[in-house]
Amino acid sequence: MSECVFCKIVAGELPSRNVYEDDELLAFHDIYPLAAVHLLIIPKTHIVSLAECTTKHQDLLGRMLLLAPRLAQTHGLESGFRTAINTGRGGGQTVFHLHINMFGGGERPAQG
Ligand code: 5GP
Ligand code: ZN
């Protein structure tokens, strides 16, 4: 069994508040939100970080990014949002399964 928390969420072994799912992507609310709206967009397949991606991941990465503005429309973030892909310990990554953090909402621009 995988020890990765996001793989466990994908497998349904940990609960999550999902906002989007298709064959290759899952998006859900962050458990400790850093903004009024804080969503995570992940690939269902385990990829450690952006540093492990190659050209074979180009389409997947594109689809992950393009999901963000779609989720913004359905989560009241029409005025804008911020995205962050923390990569590696030096980049502040704490969950080593590739993900896009998406922040927005509230009165001031999201810091996240
Ligand atoms: P990062 O690696 O981008 O710095 O942070 C990972 C993010 O995943 C954090 O914002 C953290 O709150 C979130 N996170 C960690 N474990 C869980 C979990 O089990 N469920 C959810 N929904 N979010 C999680
Ligand atoms: Zn994983």
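The values are calculated or read from the model by the stated rules, or taken from the named source; none is laboratory data. None of these values were measured; they are calculated from a predicted model. Positions of Cβ are generated from backbone atoms using ideal geometry, with glycine treated the same way; all protein chains shown enter the neighbour counts. All accessible areas refer to the heavy atoms of the entire protein, side chains included, with ligands and DNA or RNA removed. Shrake-Rupley method; radii C 1.70, N 1.55, O 1.52, S 1.80 Å.
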- [ ] Only residues that are surrounded by 14 or more Cβ atoms within 10 Å (Cβ to Cβ) and near ligand 1 (Cβ under 10 Å from one of its atoms): list them for the range 5-31, please.
- [x] Val5, Phe6, Lys8, Ile9, Ser16, Phe28, His29, Asp30
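Which of the residues spanning the range 37-59 are in a helix (DSSP H, G or I) and surrounded by fewer than 16 Cβ atoms within 10 Å (Cβ to Cβ)?
Residues satisfying the conditions are Ala51, Glu52, Thr55, Lys56, Gln58, Asp59.
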Open item on the list: Looking at the range 50-67, can you tell me whether even one residue there is more than 16 Å from ligand 2 (Cβ to nearest atom), touching a residue at least 12 places away in the same chain (Cβ under 8 Å) and aliphatic (A, V, I, L, M)?
Closed with: yes
TODO: Answer yes or no as to whether Leu34 is more than 16 Å from ligand 2 (Cβ to nearest atom), in contact (Cβ under 8 Å) with a residue 60 or more places away in the chain and open to solvent by 80 Å² or more (accessible area, probe 1.4 Å).
DONE: yes
Open item on the list: Just to verify a result, which residue in the range 69-112, among those that are among the hydroxyl-bearing types (Ser, Thr, Tyr) and in contact with a strand residue (DSSP E or B) (Cβ under 9 Å, 6 or more places away or on another chain), is least open to solvent (accessible area, probe 1.4 Å)?
Closed with: Thr83
